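Peer 1: Take a look at the following structure, please.
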Amino acid sequence: MDKNDIIKEENRVYKRPKLLTDNIMHYCPGCSHGVVHKLVAEVVEELGLEEKTIGIAPVGCAVFAYNYIDIDWIEAAHGRAPAIASAVKRLMPDRMVFTYQGDGDLAAIGTCESIHAANRGENIVIIFINNGIYGMTGGQMAPTTLEGMKTSTTPYGRRVDLNGYPLKISPLFAQLDGTCYVTRQSVHTPANTRKTKAALKQAFQNAMNGLGTSVVEVVSTCNSGWKMTPAQANKWMVENMLVQYPLGDLKNTVKK
Amino acid sequence: MKTEIIIAGFGGQGVLSMGKILAYAALMNDLEVTWMPAYGPEQRGGTANVTVILSDKQISSPVLNSYDMVVALNQQSLDKFEAKVKPGGVLIYDAYGIHRAPERTDITVKKIPAMDVCLEIGNTKIYNMVVLGAVLGMRDMLPIDAVTRGLKKTLPERHHHLIPLNEEAIRRGMELVK
Amino acid sequence: MKGNEALAHAAIRYGADGYFGYPITPQSEVLETLEELMPWETTGMVVLQAESEVAAINMVYGGAACGKAVFTSSSSPGVSLKQEGISYIAAGELPALIINVMRGGPGLGTIQPSQADYFQATKGGGHGDYRLITLAPSSVQEMADFVGLGFDLAFKYCTPSIILADGIVGQMMEKVVLPPQRPRRTDEEIARQCPWAVTGKPSTRKRNVMTTLELEPSAMEVINNKLQEKYKLIEENEVRFQTYDTDDAEYLVVAFGSIARICQKAIEDAREQGVKIGLLRPITLWPFPKDEIDRLSQKVKGILVVEINAGQMIEDVRLSCHDRVPVYHFGRLGGMIPDPQEVLDAFFNHFPEANKQ
């Protein structure tokens, strides 16, 4: 079988989602962002929401998310995506509005906006990429950086007496009456990737059904920031990150 | 025709709302009007004052340094504003709680026992309306039906049954300065 | 009604789509009035009390990116918090209306009136090279009128405009004629008027992305040059001012907002003494009426700039009249308001030769 046989339509078992653009992603090899972008594109397509979906991009590595998924986007100031999403959804209630935020954007500078949007029960989806580090600015400490973890601003490892504790923000979201669904997933294996996609799909449906705020945390790797190979990073994530941030639903008030 | 008035007293005496009723009454009578309060925490117990200007022409400054009429409802206000009555102008004050009476002789000074009138009527909430009556009685600036329409505009509908009581208070106030 | 209430009524009648704000004295009546009027039941306008001024201005940024007519209001410390978002709105070339009912600063300051945010409003305020169309109302009527004007100019030039009011016009009650009720624009009208609007991507067009990020400096320079060209156009076309008794004036007073009315009274008093002073009241603080001041400075003996700040607009007045005549400043600070007599005293203090008595 040569290449031309393989790409025949009847032999195709997998294809790129239509909504992913031809732009070459700027993400590092091994980064989780690309996988999550693909899942978002698939979910939007499968739910038939291509013409209704508006993404709010963060400041962080995903600042250029708008270059990769072929929908309308607004690029937010650092941390403000949930405020923007709140306004967009209220002004156009039939649209599907989601934010895509990293740990610095959502859990440090934007904590106020995140918590209050969720507490108002805005009918939006918050996608939260937690890799425990500031990737874009060069590997500084994030609020979710683990104790002892080395970053460029904690060169000897995070010390709780100096820097406080790793912030587990998803359990905070789960406590709020405005959230209907809070889940923590990952994309480091095909099985986990499928679960993340199912979680995103439920979250998007919740938003369109007006059930309140859904938060999908994706515990992710940053092999560049962590200074590891992609394979090492996956292993390190399982052994360390997932201990602090165990996977699974933290809250689901929606009957299936 | 232009009348420049400042009403000053304690917060809670109805100073701002009295000014508001006067302003709305003027509005109902097709006059230009400005209502400028000293705003803020003063509304809650400290001293309060409001400048009301009624005019048949466009009004320039809402802030003034002298007034045709000063209504002083406590000692601090009397001390502060007595000097600011224009020569030939009017100073109205309630003797209730006043220990230093006004001294100027180039103006008309009217001492009104408004609180006593309230006690006679049996309702202290209409204190500011008695005072408003005195203000209207001193100057022929507005007909009483304009004031009634001003009351209707400022009072929530559920309080409209109190309008006759307020009118009574205004009439008694007018009598005080006759 | 109060100036702050007039803002709320006028916005509903303009057909505004959304208001996002956070309470702060002396402008909380804007949000209070909107909540009381419940426009979401009538025109469908969204009203939301945000968790902070920062959130509020970003809600405005989001709404404006959707092509909606959205606005926010605050007072000085709150407007400082909004500056980052205002810079984004200007950079994104988005139409929006911001209202600052100024109070005295710096810091937490006072809740009493001030004009000390002149620099902040007219010179940009946030980071980067941008300008805000700055409207200075001097009456409750103008508070109502400038809502529509502010929105219209914002949409005409795709740029934020700001109503720079003060605690006096915010809290003062005057007679006001409200504009007639206009319907809110339909989705089709928005798509026509704002083809860049983020509304969800139909298959008939390319995706709309509202971003202010451009890492390539040569491209960012092009963006900046385009902004500057637009600002030049605004400076050429949108200068607004009012003059009073300037025809035969020997001296000129320049003042904006409510203070201009206090000055007008002072000038009336001066005229009674035979002293010929005229008044120029800039209505747009940016673009500044520099040509008119330049013209008037050629026929007067001196200029007094009256502001309730330590001297901000005076810099623009001086730049406009090219040192042709002496220009002095009179101001009160910290929330103190001068009365007409104080203005007149300051005038004669600076121009003793004008005193004919």
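The numbers here are math on the coordinates, done by the rules we state, and not lab data. Since we're looking at a predicted model, the values are computed, not measured. In this analysis, Cβ positions are derived from the backbone assuming ideal geometry, glycine residues included, and neighbour counts consider all displayed protein chains.
Peer 1: Evaluate the charge dipole of the protein assembly as shown about its Cα centre and quote only its size in Debye, nearest 20, assuming +1 on the Cβ of each Lys and Arg and -1 on the Cβ of each Asp and Glu.
Peer 2: I would put it at about 1720 debye.
Peer 1: May I ask you to order C:163-175, C:247-259, C:272-284, B:113-125 by the average number of other C-beta atoms within 10 Å around their residues, highest value first?
Peer 2: C:163-175, C:247-259, C:272-284, B:113-125
Peer 1: Let me ask something else about it. Just rank A:8, C:2, fewest to most, by other beta-carbon atoms within 10 angstrom.
Peer 2: Lowest to highest Cβ neighbour count: A:8, C:2.
Peer 1: Rounded if a/c is under 1.5, else prolate if a/b beats b/c, else oblate: with a ≥ b ≥ c from the C-alpha gyration tensor eigenvalues square-rooted, which is the range A:127-232?
Peer 2: Verdict is oblate for the range A:127-232.
Peer 1: Would you please classify the overall shape of chain A from the alpha carbon gyration tensor, given that a ≥ b ≥ c denote the square roots of the eigenvalues, rounded means a/c under 1.5, and beyond that prolate means a/b larger than b/c while oblate covers the rest?
Peer 2: Cα axes put chain A in the oblate bin.
Peer 1: Using Cα pairs under 8 angstrom and six or more residues apart, how large is the relative contact order of chain C, in percent?
Peer 2: That works out to 17 percent.
Peer 1: Also, quick follow-up: I need the P(r) histogram for the range C:3-187: all alpha carbon pairs, bin width 10 Å from 0 out to the longest distance, whole percents.
Peer 2: Reading upward from the zero bin: 11, 43, 38, 8, 0.
Peer 1: Moving on to the next point. Check residue A:72: other-chain or 5+ apart residues with amide H under 5 Å from its amide H, H built from backbone geometry?
Peer 2: A:55, C:200, C:201, C:208
Peer 1: What is the dipole size for the range C:313-357, taken about its Cα centre, with +1 at each Lys and Arg Cβ and -1 at each Asp and Glu Cβ, in debye to the nearest 20?
Peer 2: In total the dipole reaches around 80 debye.
Peer 1: In Å and on Cα atoms, what radius of gyration and Dmax does chain C show?
Peer 2: 20.9, 78
Peer 1: How high is the relative contact order of the range C:241-354? Use alpha-carbon pairs under 8 Å, at least six apart in sequence, and give a whole percent.
Peer 2: 28 percent
Peer 1: Using a 10 Å cut-off around each Cβ, can you sort B:59, A:56 from fewest to most neighbouring Cβ atoms?
Peer 2: Going from sparsest to densest Cβ surroundings: B:59, A:56.
Peer 1: Out of all DSSP beta bridges in the protein assembly as shown, what portion is antiparallel? Express it as a percent rounded to 5.
Peer 2: 30 percent
Peer 1: Looking only at other chains, what is the average number of their beta-carbon atoms within 10 angstrom of each beta-carbon in C:213-222?
Peer 2: The mean count of partner-chain Cβ atoms within 10 Å per residue comes to 1.
Peer 1: For the protein assembly as shown, with the dipole built from +1 on Lys and Arg beta-carbon atoms and -1 on Asp and Glu ones, taken about the Cα centre, which of C:162, B:49, B:169 lies farthest toward the positive end?
Peer 2: It is C:162.
Peer 1: Hey, got a sec? Which chymotrypsin sites (Phe, Trp or Tyr not before Pro) in the range C:98-194 land in a DSSP loop and have at most 13 other Cβ atoms within 10 Å?
Peer 2: none
Peer 1: Using alpha-carbon positions, what is the distance between the centroids of the range A:50-103 and the range A:2-28, in Å?
Peer 2: Using only Cα atoms to place each centre, the spacing works out to 26 Å.
Peer 1: Within the range B:52-129, report the chymotrypsin sites (Phe, Trp or Tyr not before Pro) that DSSP leaves as loop and that have at most 16 other Cβ atoms within 10 Å.
Peer 2: Within the range B:52-129, the qualifying chymotrypsin sites (Phe, Trp or Tyr not before Pro) (loop, at most 16 other Cβ atoms within 10 Å) are B:96.
Peer 1: Which ³J(HN,Hα) values, rounded to whole Hz and listed in residue order, are derived for the range A:59-64 from phi using the Karplus coefficients 6.51, -1.76 and 1.60 in 6.51 cos²θ - 1.76 cosθ + 1.60 with θ = phi - 60°, glycine and proline given as x?
Peer 2: Each residue's phi maps through the Karplus curve to give 9, x, 4, 8, 4, 9 Hz.
Peer 1: For the range C:251-316, report the translational diffusion coefficient in µm²/s to the nearest whole number, using Stokes-Einstein at 4 °C, 1.567 mPa s, and a Kirkwood Rh over Cα pairs.
Peer 2: After rounding, the answer is 106 µm²/s.
Peer 1: Please go through the range A:18-122 and write out the trypsin sites (Lys or Arg not before Pro) that DSSP classes as loop and that have at most 16 other C-beta atoms within 10 Å.
Peer 2: Qualifying residues, ordered by number: A:18.
Peer 1: Let me ask something else about it. Arrange A:25, C:313, A:1, A:141 by Cβ neighbour counts within 10 Å, fewest through most, would you?
Peer 2: With the fewest neighbours first, A:25, C:313, A:1, A:141 line up as A:1, A:25, A:141, C:313.
Peer 1: Placing unit charges on C-beta atoms (Lys and Arg positive, Asp and Glu negative, everything else neutral), compute the dipole magnitude of the range C:3-187 about its Cα centre in debye, rounded to 20.
Peer 2: 400 debye
Peer 1: Using DSSP, restrict attention to beta bridges with both residues in chain C and report what percent are antiparallel, rounded to the nearest 5.
Peer 2: Close to 20 percent.
Peer 1: Of the listed pairs A:15/C:206; A:89/A:168; A:18/C:156; A:201/A:251; C:82/C:175, which have alpha-carbon separations greater than 25 Å here?
Peer 2: A:89/A:168; A:18/C:156; C:82/C:175
Peer 1: Let me ask another. Going by a ≥ b ≥ c, the root eigenvalues of the Cα gyration tensor, does the range C:287-357 fall in the rounded group (a/c under 1.5), the prolate group (a/b larger than b/c) or the oblate group?
Peer 2: Judged from the Cα gyration tensor, the range C:287-357 comes out oblate (a/c at least 1.5, b/c at or above a/b).
Peer 1: Tell me the relative contact order for the range A:25-252 as a rounded percent, counting alpha carbon contacts under 8 Å between residues six or more apart.
Peer 2: Computed over the range A:25-252, the figure is 21 percent.
Peer 1: Over all alpha-carbon pairs of the range C:241-354, lay out the pair-distance distribution in 5 Å bins, whole %, shortest bin first.
Peer 2: Result returned by the calculation: 2, 13, 27, 27, 20, 9, 2.
Peer 1: Return the ratio Rg/(2.2 N^0.38 Å) for the protein assembly as shown, where Rg is computed over Cα atoms only.
Peer 2: That works out to 1.14 for the protein assembly as shown.
Peer 1: Running a GNM on chain C with Cα contacts under 10 Å, which residue among C:217, C:160, C:137 ends up with the highest mean-square fluctuation?
Peer 2: Among C:217, C:160, C:137, the largest mean-square fluctuation in the Gaussian network model of chain C belongs to C:217.
Peer 1: For residue C:134, what residues show an amide H to amide H distance below 5 Å, using hydrogens built from the backbone and excluding near sequence neighbours?
Peer 2: Placed amide hydrogens put C:162, C:285, C:286 under 5 Å from residue C:134.
Peer 1: For chain A, give me the percentage of DSSP beta bridges that are antiparallel, rounded to the nearest 5 percent.
Peer 2: Close to 25 percent.
Peer 1: Let me ask something additional. Give me, ordered by chain and number, the residues 5 or more places off residue A:99 or on other chains with an amide H under 5 Å from its own placed amide H.
Peer 2: Amide H neighbours of residue A:99, under 5 Å, 5+ apart: A:56, A:125, A:126, A:127.
Peer 1: Mind checking which of C:137, C:153, C:354 is farthest towards the positive end of chain C's charge dipole, using Cβ charges of +1 (Lys, Arg) and -1 (Asp, Glu) about the Cα centre?
Peer 2: My answer, from the dipole projection, is C:153.
Peer 1: May I pose another question? Considering chain C as a Gaussian network with a 10 Å cut-off on Cα pairs, which listed residue, C:67, C:44, C:124, attains the greatest mean-square fluctuation?
Peer 2: In the Gaussian network model the winner is C:44.
Peer 1: Of the residues A:224, A:86, A:114, which exhibits the maximal mean-square fluctuation in a Gaussian network model of chain A defined by a 10 Å Cα contact cut-off?
Peer 2: A:224
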